[in-house]
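Below: one structure, written as structure tokens.
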There are 2 protein chains.
Amino acid sequence: MTIHTEPYSKTLKQGYSIRTGLAARMRAGNLILRRHEHLIHAGDTVRSPYLVVSGVFKSTINYENGDSQVLGFHVPGDVLGHEILLDALSGRDVVALDTSSVRRLDHLDSDTRCLLIESMCNESRRLTRQLHLERKYSTDARLAAFLIDYSDSQARRGYSRYEFILPMGRRDLSGYLGLAPETLSRGLSRLRDHDILMVSTNHLKILDPERLRNVSGMVTDEARLTC
Amino acid sequence: MTIHTEPYSKTLKQGYSIRTGLAARMRAGNLILRRHEHLIHAGDTVRSPYLVVSGVFKSTINYENGDSQVLGFHVPGDVLGHEILLDALSGRDVVALDTSSVRRLDHLDSDTRCLLIESMCNESRRLTRQLHLERKYSTDARLAAFLIDYSDSQARRGYSRYEFILPMGRRDLSGYLGLAPETLSRGLSRLRDHDILMVSTNHLKILDPERLRNVSGMVTDEARLTC
DNA sequence: CGCCCCCTTGAGCCGTGTCAACTAATGTGG
DNA sequence: CCACATTAGTTGACACGGCTCAAGGGGGCG
């Protein structure tokens, strides 16, 4: 089952100003959201699933005490809104990190249901993996693993595997990886100092994929970055 | 939708020695498994979902490097085998921690499917919560949270809320909570020293539910156990 | 141009993992 | 049923990774 998604495009900025229930615009049947706009609010009843067509979203869960955690980033091809399989009640915010568009999946046919189940299963797998990473692997390993994942995802969507923009801020990324922002920053600096990456705020270039992979996989070996 | 499950019973020890594909016995249409017997092996193709009728199971995922993590404990009423919703391929072991029985759910009717989706969703929620707990809360808080959960689960099934047997060993529990066995042991000792628990290997008694709840929820408050 | 926020870097502390020794429990074979 | 062997749990000492607090750049947006 393949799904067509447009490549990332900055030309979607202007859209009709038809307001749906959300603060969103439409174009070519897709919902357009700008940076920081919510696709879903925690507590919302999800009315239908969405297919991410372009851009990036993050989903977060918020706790009473004020702290929130980043559960995932969603890129074109991802399906959102599996809450509809059960009570349709979303416990999380889904926010655009940049100008992004989604396609509403109106008909909850069996293919769509299957996609939703699959996406839920993937999320479960991701959480399991994340738990494992956070329990057993260092900051650098987790960071490297994330960069490799993201790199792969870029490649799969037809972009450069070794040079790309990180669409999320440090705070979001550190939250996703289960780190303090300072720790993430230090990790990036370490990888930079070892000539594995070039990094400036958003722009990222992988200089030494080989060693990056080593860092991601090994905890006890020489792969650990001394200092 | 309610499902009838028998209370935990030690009278199921002897069963017919009819061997199914697994090393298991049958009684009254239920599969009986003894301590350490696998209901599902990692890599197995799950043939049908199971409803836990009595006893306890743990499910674990195993990694190449030899380390494994405990993903969950399953008590009567829980449904296993949601893998069947997708590729039916299990990535985990499901093992009986004690003499236990399950009912095979042959007909994958819509009710069963719904149960499976629900169970998957619950697992996802649990993982999210666990991630949050491990990121933000101390050993004692996590341990207290677990004990409260387990206590509630006991109460829901008609047993004492304040005195029960922990069916899993320290190693399994520490794995589940994301702790080293030694750290778990220290946590238990601390709760014991503060007269919140009585604990001897398996047997556990909650002496001060009030303070236990405090420990579970607060990190920065006086609830933290000094020493 | 200047404010603000994000990111980076430094210093110090604390919790938890690790290693090691000891004790308690469990199981096994005679 | 006992003696022994093996595993599980507890406790202590110690090291170190990552969080916190604090201060110093840098870039974007009004």
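The values are calculated or read from the model by the stated rules, or taken from the named source; none is laboratory data. None of the values given here were measured: they were computed from a predicted structure. Heads up, the Cβs are rebuilt from the backbone with ideal geometry, glycines too, and the neighbour counts pull from every protein chain shown. Keep in mind that these areas ignore ligands, DNA and RNA; they rest on the heavy atoms of the full protein, side chains included. Shrake-Rupley method; radii C 1.70, N 1.55, O 1.52, S 1.80 Å.
Once the 1.4 Å probe is applied to the protein heavy atoms, the protein assembly as shown comes out at 50 Å² accessible per residue.
On a full-extension model of 0.36 nm per residue, what is the gain between A:R171 and A:H41, subtracting their alpha-carbon distance, rounded to one decimal in nm? Don't jump to the answer; show the numbers that get you there.
Working: separation 130, 0.36 × 130 = 46.80 nm, distance 2.00 nm.
Between A:R171 and A:H41, full extension yields an extra 44.8 nm.
Restricting the chymotrypsin sites (Phe, Trp or Tyr not before Pro) of the range B:30-97 to loop positions (DSSP other than H, G, I, E, B) with no more than 13 neighbouring Cβ atoms within 10 Å leaves B:Y63. Can you show me the helix-derived [θ] at 222 nm for the protein assembly as shown, built from DSSP H runs with n ≥ 4 at -39,500 (n - 2.57) apiece and divided by the number of residues, rounded to the nearest 500. Using -39500 (n - 2.57) per qualifying helix, the result is -11000 deg cm²/dmol.
Considering only the label points, 7 Å along Cα→Cβ from Cα, what distances in nm to one decimal separate A:K205 from the same position in each other copy, shortest first? Values, ascending and in nm: 6.9.
How long are the semi-axes of the equivalent ellipsoid of the range A:137-217, taking √(5λ) for every eigenvalue λ of the Cα gyration tensor, in whole Å from largest down?
Values: eigenvalues 61, 42, 29 Å².
After diagonalising the Cα gyration tensor, the semi-axes are 17, 14, 12 Å.
Chains A and B: what accessible area do they bury, summed, in square angstrom to the nearest 100, with a 1.4 Å probe? It would help to have the intermediate numbers written out before the result.
Values: alone 12580 and 12620 Å², together 22690 Å².
Summed over both sides, the interface buries about 2500 Å².
For chain A, leaving out every one of the trypsin sites (Lys or Arg not before Pro) that falls in a DSSP loop and has at most 15 other Cβ atoms within 10 Å, the longest unbroken run is A:48-156. Looking at chain B, which longest stretch skips every one of the GluC sites (Glu not before Pro) that is in a DSSP loop with at most 12 other Cβ atoms within 10 Å, leaving the sites themselves out? Formally, the longest exposed-site-free interval is B:65-221. Measuring nothing but how far apart in sequence close Cα pairs (under 8 Å, 6+ apart) lie, relative to its length, chain A scores a relative contact order of 17 percent. Remark on the range A:10-132: Rg and Dmax equal 14.3, 45 Å (Cα only).
Count charges around A:N62 for me, please; just the other residues with Cβ under 11 Å from its Cβ, Lys/Arg as +1, Asp/Glu as -1. List each step's numbers first, then the result.
Working: positive: A:R92; negative: A:E64, A:D67, A:D93.
Residues close to A:N62 contribute a combined charge of -2.
Using just the Cα positions, wrap the range B:72-146 in a convex hull and report its mean projected area in square nanometres, one decimal place.
On the way: hull surface 25.2 nm².
Projected area, direction-averaged: 6.3 nm².
Placing a label point 7 Å from the Cα of A:G66 along the Cα-to-Cβ direction, the distances to the matching points in the other copies come to 4.6 nm, shortest first. Between identical copies, the spacing of A:E182 label points, each set 7 Å from Cα toward the C-beta atom, reads 2.7 nm from nearest to farthest.
For the residues of B:123-131, the average number of beta carbons from a partner chain within 10 Å of their own beta carbon is 6.
Can you pull the semi-axes for the protein assembly as shown, root of five times each eigenvalue of the Cα gyration tensor, sorted largest first, whole Å?
Equivalent ellipsoid semi-axes, largest first: 39, 28, 22 Å.
Copy B relates to copy A by a rotation, and the B residue whose beta-carbon is nearest that axis, with the distance in whole angstrom, is B:L127, 2. Please label the shape of the range B:35-100 as rounded, prolate or oblate, based on the square roots a ≥ b ≥ c of the eigenvalues of the alpha-carbon gyration tensor (a/c under 1.5 means rounded; beyond that, a/b larger than b/c means prolate, else oblate). In terms of gyration-tensor shape, oblate. Scanning chain A for DSSP H helices at least 24 Å long along the axis (C-alpha atoms) with a Kyte-Doolittle mean no lower than -0.5 picks out A:139-156.
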